[in-house]
Every structure is written in structure tokens, then in C-alpha cells.
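Before any comments, here is the structure.
The values are calculated or read from the model by the stated rules, or taken from the named source; none is laboratory data. Computed from a predicted structure; not experimentally measured. Note that each Cβ is placed from the backbone with ideal geometry, even for glycine, and that neighbours are counted across all protein chains shown. Heads up: the accessible areas ignore ligands, DNA and RNA and are worked out on the full protein's heavy atoms, side chains in. Shrake-Rupley method; radii C 1.70, N 1.55, O 1.52, S 1.80 Å.
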Amino acid sequence: MDPRGDTELLRAHVAGDPAAFETLVRRHADRLWAVALRTLGDREEAADAVQDALISAYRKADRFRGDSAVTTWLHRIVVNACLDRARRRQARPTVPLPESGAAEPVATGPQVADRDTALTVQAALAELPPDQRAALVLVDVYGYPVAEAAQILGVAPGTIKSRCARGRARLAGPLGHLRNQTAPADVRSETAGTEDGGTRRGRGAT
């Protein structure tokens, strides 16, 4: 494992180290992918958004000013790429379907309920305006502090709070039936872990 910190790796990349950027990306790839997937709700769109974002980050690394953490900077580029795609396809949102191959066992009982809950949440998120969806994904699904979510999205903390409040209000209708179930306690785990390998950012993580 490379002992260098994120900032050191980014500076090494700018200075010409051919392996530094790849090391940096490997360190944060799971989290970047998870946020992109939950923001867009479509694996192909998320993969394309992350690829576009990382190409942009690779080319613009010399513009990093150091006024935020490198991981915040990377997330900002990824989320912006996602928002661009979400706005372009807002009229035709898609919802990911369960990926059960013919050779895989069919889920039953609580597994089905958990997957159905996750798909219900994802479908509801897909109906939100992209800005509200991104704020809720960062704050409610992945546990980013409001201040850091604001840095990632490039807006004031008050704007994040407002977007989250409006988003939650809009979700109250389609997701209200989940409140009295035991499943919602696992919604965050399910939405964060079903397709991203279980990685999730907790509050205060780097």
C-alpha cells in the first residue's frame, strides 16, 4: 500500500509520477462509484459519469488549489458529471433492476423485501430534481456532514439543508408506507451496499 497521502499523490501526478493518479483512484474508486450509482440509478450511466469525471480530474489535477480535501474535490467532479447526465435524461429516469442470473439462487423472504425496499427508494429518488437527489444521496444515504456535502456540490450549507428538506418532503408520500416497517432501518445499508460492494462513507471518515 502506498503510504503517501491523497494530496501528496495528486502533486506527484502533476509532477509526472505515472502511477500516482492510479493509486489515488484505486483508493477512492468504490466510494465514487457508489455515490454515482445512487445519484443516477443506472449502472451504465454511473460508469460513464465516473469515467468522464476521472478523465477530467486527471487532466485538471494542476488546478487543485488545496482548499478542500482531495477526496472532496474528486467527489465534486463525479457528482457534477452525474448531475449533468441526470439533467439531460430527467424526462426519462430509469430504475435499476435486480441482477439475478439463471445460475444464481432466487432470493426469498427478507431478501426479497430488502431488495424491493431498495428499489422503491431508488425509484422515489429518481423522481426528485437532480440537485435535491444529489444532496439526499450525500447526506442521508452516505452520511456526509452538511458542510462537506456543500463543498462537494459547490453550494452553501444552507442550500444543502434546503434541498434535503424539500427532497424529504417530496419523498414523504411515496415512501411514507415504509415508516412503520422494520425494513427502513436497513434501507441505507441496502442502498449503499447492494451494488457497490458494501462500501459506505460514515460521518467524519476521510
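Of all the criteria given as (1) surrounded by fewer than 16 Cβ atoms within 10 Å (Cβ to Cβ); (2) modelled with pLDDT of 95 or more, the one not satisfied by GLU104 is (2). Taking each residue of region 124-137 that is closer than 8 Å to GLY167 by Cβ and looking for partners that are of a type in the set (Val, Ile, Thr) and open to solvent by 10 Å² or more (accessible area, probe 1.4 Å) with beta-carbon atoms closer than 8 Å, six or more apart or interchain, yields nothing. Applying the set (1) open to solvent by 20 Å² or more (accessible area, probe 1.4 Å); (2) part of a helix (DSSP H, G or I); (3) at pLDDT 90 or above to ILE152 leaves exactly one unmet item: (1).
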